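Remarks on the structure that follows.
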Amino acid sequence: MSYMDSKKGLFVLHEGIGSTIFNSQVLEHIDGIQSKGINLDVLCFETIEKNWIISQRNLKLAFESHPRINIILCKGSNIYFPFSIFVNLFLLFKFFKKNRNNYSFIHSRADYSTFLCLLIKPYHKLSVFWDCRGDSISELKDNLSRKGFLIKNLGYLFLVPRERLIAKINSKYSDGNIFVSSELKKIFFKEECVSNSFVIPCLVSEKKFFFDKNLRSQMRVKYSIEHDHKVYLYSGSMEAYQSVEQQLILYRKILIDRNNFLFILTPDPSKALHYFRTLPQDRLKIFTSSFNEINLYYNLADFAILIRDRKRLNWVASPTKFGEYCLAGLPVLMNDNVEQAFFNGSLIGNYISYLNYWNEPFSDIIRESISIKARKFYSRDFFINNYLKLYGN
């Protein structure tokens, strides 16, 4: 058995077990890495009390869909509570006291988890790889901007400086780094060449997301979509950064044409029903889809939608949904506020300005071509060697 075959890592996160991102960005990653001979256990802390039952439910589903992956779910302290760092650090210490000899390295998802793993590194003595998913400082400021006077000011007084300290520690002491976009990497490192640092977008499995003309025909028959009907699709949450207000403006224009239909796939259907209650309900479908069914609706659709506000947190992002859209061969109505998506979409050939919603659907041949082109931009298989280099150092 080779050295790489014998390696076993620990994937640490403090965001619970969600229904979509956990599947696409955690389980799919570990599944791909295991196929290359590296095992990863998942240590997942649910830090929001009201989400504990949701995480437990999703844990059961994860075990059913990925029985070979060892997932450990623990309760943690809300990361924004006073002294939560000490509580979560103690919980991490307890885990490593029993298990530190089982692992060769730590892959820590997002800034907070990396920070805790680095603080306790003198004890576990393992390499810590920082998986930086976004500009956490800008995200925190954006979130605080929608809070009341007291929480906003306390946040700027205590949480923003803490987030800056976390980012500084992570960038200085991590043994390796992953950034989801080049623009995100520039925030932390001005020079291009940084030892053991990789730009890896939010990746997608080409086995789960692809274009299939037969699948498209079947789904359009199922939903009684005629050849002269256009289906516009949005897949994602109803969080503020998704520009729900701009979506509503666009949807009103789209649905003026009675041949146009709108499908919204979201984990927040009740919110979506409230936000879009003024739209024509006969051509609007809002529902939740399982991770394994989403590609069916991507094949059904003619256009996908990705609109973001002009903010730095969006500029440096790598939306998972955009990669999914691309591998399904979908043209995407979008603005240019996500640098990576705008740049890659222009190269792949599926970028369409959201102002041009009257465009004709792409042919099956063009969609197949887009799907193939997109693999070198977003396919998990294409980037797997970067992870092997990171873990192998």
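The values are calculated or read from the model by the stated rules, or taken from the named source; none is laboratory data. Just so it is clear, the structure is predicted and the values come from calculations on it, not from any experiment. A quick note on method: Cβ atoms are made from the backbone with ideal geometry, for glycine too, and the neighbour counts reach across all protein chains shown.
Out of the residues in segment 288-318 that are closer than 19 Å to residue 19 by Cβ and touching a helix residue (DSSP H, G or I) at 6+ places or on another chain (Cβ under 6 Å), which is modelled with the lowest pLDDT?
Pass one, segment 288-318, residues closer than 19 Å to residue 19 by Cβ: 288-298.
Okay, now just the ones that are also touching a helix residue (DSSP H, G or I) at 6+ places or on another chain (Cβ under 6 Å), so 288, 291, 296.
Details: 288: 93, 291: 90, 296: 98.
Of everything passing the filter in segment 288-318, 291 is modelled with the lowest pLDDT.
Hey, does segment 111-128 have a residue that's in contact (Cβ under 8 Å) with a residue 40 or more places away in the chain and either surrounded by fewer than 14 Cβ atoms within 10 Å (Cβ to Cβ) or touching an Asp or Glu at 6+ places or on another chain (Cβ under 6 Å) (or both)?
Yes, that holds for at least one residue.
Condition test on residue 152, is it touching a helix residue (DSSP H, G or I) at 6+ places or on another chain (Cβ under 6 Å) and surrounded by 14 or more Cβ atoms within 10 Å (Cβ to Cβ)?
Numbers: touching a helix residue (DSSP H, G or I) at 6+ places or on another chain (Cβ under 6 Å): yes; surrounded by 14 or more Cβ atoms within 10 Å (Cβ to Cβ): yes.
Answer is yes for this residue.
Inside segment 13-26, can you point out the residues that are closer than 23 Å to residue 385 by Cβ and at pLDDT 95 or above?
Once the filter is applied, which keeps residues that are closer than 23 Å to residue 385 by Cβ and at pLDDT 95 or above, segment 13-26 yields only 26.
Quick one: what pairs do we get from segment 247-275, first residue under 8 Å from residue 286 (Cα atoms), second in a loop (DSSP other than H, G, I, E, B) and polar (S, T, N, Q), C-beta under 6 Å, 6+ apart or different chains?
265/289; 269/288; 272/266
With (1) under 20 Å from residue 247 (Cα atoms); (2) more than 19 Å from the chain's Cα centre (by Cα) as the list, and residue 372 as the residue in question, which single condition is left unmet?
(1)
Would you list the helices (runs of 4 or more DSSP H) that sit entirely within segment 177-266 and hold 1 or more residues that are assigned by TED's automatic domain parsing to the domain that holds residue 296 and at pLDDT below 95?
On the way: elements: 182-188, 213-222, 244-254.
In segment 177-266, the matching helices (runs of 4 or more DSSP H) lie at 244-254.
With (1) in contact with a Gly (Cβ under 9 Å, 6 or more places away or on another chain); (2) within 29 Å of residue 268 (Cα to Cα); (3) of a type in the set (A, V, I, L, M, F, W, C) as the list, and residue 87 as the residue in question, which single condition is left unmet?
(2)
Scan segment 312-339 for residues that are of a type outside the set (Phe, Trp, Tyr) and either touching an Asp or Glu at 6+ places or on another chain (Cβ under 7 Å) or not assigned by TED's automatic domain parsing to the domain that holds residue 262 (or both) and jot them down. So that I can check it myself, show each step before the final result.
Of segment 312-339, the ones of a type outside the set (Phe, Trp, Tyr) are 312-314, 316-321, 323-324, 326-339.
Passing the criteria: 312, 313, 316, 327, 329, 337, 339.
Can residue 72 be described as of a type in the set (Val, Ile, Thr), touching a Leu at 6+ places or on another chain (Cβ under 8 Å) and outside any strand (DSSP E or B)? Outline the logic, then answer.
Values: of a type in the set (Val, Ile, Thr): yes; touching a Leu at 6+ places or on another chain (Cβ under 8 Å): yes; outside any strand (DSSP E or B): no.
Judged against the criteria, residue 72 is not a match.
Go through segment 115-133 and count every residue that is assigned to a loop (DSSP other than H, G, I, E, B) and within 18 Å of residue 101 (Cα to Cα).
In the first step, residues of segment 115-133 are kept if they are assigned to a loop (DSSP other than H, G, I, E, B); the result is 120, 125-126, 133.
Among the residues that remain, those that are also within 18 Å of residue 101 (Cα to Cα) are: 120, 125-126.
Matching residues across segment 115-133 total 3.
Out of (1) more than 22 Å from the chain's Cα centre (by Cα); (2) surrounded by fewer than 20 Cβ atoms within 10 Å (Cβ to Cβ); (3) under 28 Å from residue 340 (Cα atoms), what's the single condition that is false for residue 273?
Unmet for residue 273, out of (1) more than 22 Å from the chain's Cα centre (by Cα); (2) surrounded by fewer than 20 Cβ atoms within 10 Å (Cβ to Cβ); (3) under 28 Å from residue 340 (Cα atoms): (3).
Within segment 93-107, which residues are out of contact with any Ser or Thr (no Cβ under 9 Å at 6 or more places or on another chain) and surrounded by 14 or more Cβ atoms within 10 Å (Cβ to Cβ)? Spell out the reasoning first.
We begin by selecting, within segment 93-107, every residue out of contact with any Ser or Thr (no Cβ under 9 Å at 6 or more places or on another chain); these are 93-103, 107.
Listed by number, the residues that qualify are 93, 95, 96, 99, 100, 103, 107.
Within segment 1-60, can you find the residues that are aromatic (Phe, Trp, Tyr) and in a helix (DSSP H, G or I)?
The answer is 3, 22, 52.
Taking only pairs six or more apart or across chains, which ones have beta-carbon atoms under 6 Å, a first residue in segment 143-164 that is in contact (Cβ under 8 Å) with a residue 60 or more places away in the chain, and a second residue that is in a helix (DSSP H, G or I) and aromatic (Phe, Trp, Tyr)?
So the pair list comes out empty.
Is it the case that some residue within segment 349-357 is under 26 Å from residue 18 (Cβ atoms) and crowded, with 16+ Cβ neighbours inside 10 Å?
If we filter segment 349-357 for residues that are under 26 Å from residue 18 (Cβ atoms), which is where we start, we get none.
No, every residue in segment 349-357 fails to be under 26 Å from residue 18 (Cβ atoms) and crowded, with 16+ Cβ neighbours inside 10 Å.
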